[in-house]
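The values are calculated or read from the model by the stated rules, or taken from the named source; none is laboratory data. Since this is a predicted model, take the numbers as computed values, not measurements. Because the Cβ atoms are built from the backbone with ideal geometry, glycine has one as well, and the counts that use them run over all protein chains shown. Heavy atoms of the whole protein, side chains included, go into the accessibility calculation; ligands, DNA and RNA do not. Shrake-Rupley method; radii C 1.70, N 1.55, O 1.52, S 1.80 Å.
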Amino acid sequence: MIIAELVNLLYNMVDRIYIGHLAENGSVALTGLGLCFPVISLISAFAKLFGPNGGAPLCAMERGKGDYKEASLVMGNSFTLSVGTGLILMFIVLVFNRPILYAFGASDITYPYARDYLMIYSLGTVPVLVTLSMNAFINSQGFAMIGMVTVLIGAGINIVLDPILIFTCSLGVKGAAIATVFSQTVSCIFAVWFLCGKNVQLKLNFRDMKLGATRCKRIIALGTSGFTMGATNSVVQLVCNKCAFIWGGDLYVGVMTILNSVREVYNTVMNGIGSGASPVMSFNYGAKNGERTIKASNFTLVCTFTYSMVVWLIIIIFPHAMAMLFTHDEAMIEASVSALRIYFFGFFFMAFQTAGQQTFVALGKAKQAVFFSLFRKVIIVVPLTIVLPFFFGINGVVIAEPISNVIGGLAAYLSMRHMVMPELRAMDEERQKAT
């Protein structure tokens, strides 16, 4: 699951690395590409709504109860929702890309680069949503290796095509977008083909794709937490880009692009651990096995905490190397080094957010999961990003993130322990009495 998450990240990460090292206007092109991140985050958030955080955990809980028919219907409905939403999002981006990008911090200099990438990327919205959402159903049935292969195929194609289209064919930003769309389409075809094959217990078929109102409501209600996290990431990126532009100009919008890129790399591993634990927690919760559910939640915290401590040390020691991955512009590298050390201070508190949030999602506690998604990003980060620059200048935009990690992470985890653990222990007591 971790490898699959990392490989999936390569789609956009490789684009940024190549674009940032263009001989001419590499820094400006990277900044333009960074302006597309909030839109891409929002598109990915819809995939979480129907797949990893919505349909897939619900499907696993139904399997744990032994209701395989309902589990199959959940998967079919999730597929239909992904396709329909992808078509709507594609239309919106194609028609309204200019006001969207300027709202996200574009200038007359960076807009052409952002537009060229986003217009082409939007054509692949349906494959992106289907791949991300359906891959969650591959993983939830125990085929984690196939889930990894699904994204590995696309990422491998993207890595090969990027330099050919960007440099050899001189397509620049457009070439990066074309490579991404093509590779995502191949991944989509593979995922659907596997789910229609004979190796899976739950097959994707047309009769299960007819939408049911109650079923869709359950999928969306459970997936809202993951969607909210993705959507609020988009909102935070929007606010950060605007504030960075106001207080530091296009250079610091580029710096925010680097910060977000590095954060995505390291967050991906924690997301992979959480994604691996989610089906285990969902299945055992559905089977009324509280002890195993608790063990999976605790294991998630231990793994993510250990990992995030290592990440924090790496960034403190090697910030220069991190920045150089994305640009050769000395001014941008210098600004990024200082920003990285501030932005990632106390990064290990994100382990508490991941463990608490993922447990809520896996157990179907949609309201709690949504609240803590909003609490860290919207209630803490957004106001601080706007207010702190008046006291700390451009550094205030960066300081907001570590503050939210501490407060939001502890709030999510401690609340989860207080609300969920008594229920799971009571579940075990009832099971022991019954046996």
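In summary, the aspartates and glutamates within cross-link reach of LYS377, defined as a Cα separation below 18 angstrom excluding same-chain residues under 8 places away, comprise GLU264, GLU401.
Estimated at the nearest 10 Å², the accessible area of LEU211 is 90 Å² with a 1.4 Å probe.
How compact is the stretch 73-183 by the rule of thumb for globular proteins, expressed as Cα Rg over 2.2 N^0.38 Å?
Values: Rg = 16.2 Å, N = 111, 2.2 N^0.38 = 13.2 Å.
Against the compact-globule rule of thumb, the ratio is 1.23.
Dipole size in debye (nearest 20) for the chain around its Cα centre, Lys and Arg Cβ +1, Asp and Glu Cβ -1?
Working: 29 positive and 21 negative charges, 325 e Å.
In debye, rounded to 20, the chain gives about 1560.
Over the chain, Cα pairs under 8 Å with separation of 6+ residues give a relative contact order of 23 percent.
Report the per residue volume, in Å³, of the convex hull enclosing the C-alpha atoms of the chain. If you can, show how the numbers build up before the last one.
Details: hull volume 54.4 nm³, N = 435.
Output value, Cα hull per residue: 125 Å³.
Here the calculated FRET efficiency for PHE182 and MET145, from their Cβ-Cβ distance with R0 = 35 Å, stands at 0.90, rounded to the nearest 0.05.
Calculate, in nm to one decimal, what ASP67 and ALA321 gain on full extension: separation in residues at 0.36 nm each, minus their alpha carbon distance. Before the final figure, lay out each step's value.
On the way: separation 254, 0.36 × 254 = 91.44 nm, distance 5.11 nm.
Result for the pair: 86.3 nm of gain on full extension.
In this structure the chain gives 39 Å² per residue of accessible area when probed at 1.4 Å with all protein chains present.
Packing around the peptides 423-435, 297-309, 128-140, taken as the average count of other Cβ atoms within 10 Å per residue, puts them in this order, highest first: 128-140, 297-309, 423-435.
The simple Förster model, with R0 at 22 Å and r as the Cβ-Cβ distance, assigns ILE407 and PHE299 a FRET efficiency of 0.35. Between the helical axis of 55-65 and the longest alpha-carbon principal axis of the chain there is an angle of about 20 degrees. Can you work out the FRET efficiency for the pair TRP193 and GLU291, with r the C-beta to C-beta distance and R0 = 41 Å, to the nearest 0.05? Efficiency, rounded to the nearest 0.05: 0.60.
Gain on full extension, evaluated as 0.36 nm per residue between LEU87 and LEU313 minus their Cα-Cα distance, stands at 77.1 nm. Subtracting the Cα-Cα distance of LEU211 and ARG431 from 0.36 nm times their residue separation leaves 75.7 nm of extension gain.
Label sites at PHE391 and LYS203, each approximated as a point 7 angstrom past Cα along Cα to Cβ, lie 6.2 nm apart.
Here the contact order of the stretch 374-435, divided by its residue count and restricted to Cα pairs under 8 Å and six or more residues apart, works out to 28 percent.
Need one number: convex hull volume per residue for the stretch 14-78, Cα atoms only, in Å³.
So the per-residue Cα hull volume is 83 Å³.
Projected onto its three principal axes, the C-alpha set of the stretch 304-408 covers 48, 33, 19 Å, listed from the longest axis down.
Of the accessible area of the chain, computed with a 1.4 Å probe over protein heavy atoms only, carbon and sulfur atoms account for 70 percent.
Taking a straight Cα-Cα cut-off under 20 Å and skipping sequence neighbours fewer than 8 places away in the same chain, the lysines within cross-link reach of LYS217 are LYS48, LYS65, LYS69, LYS365, LYS367.
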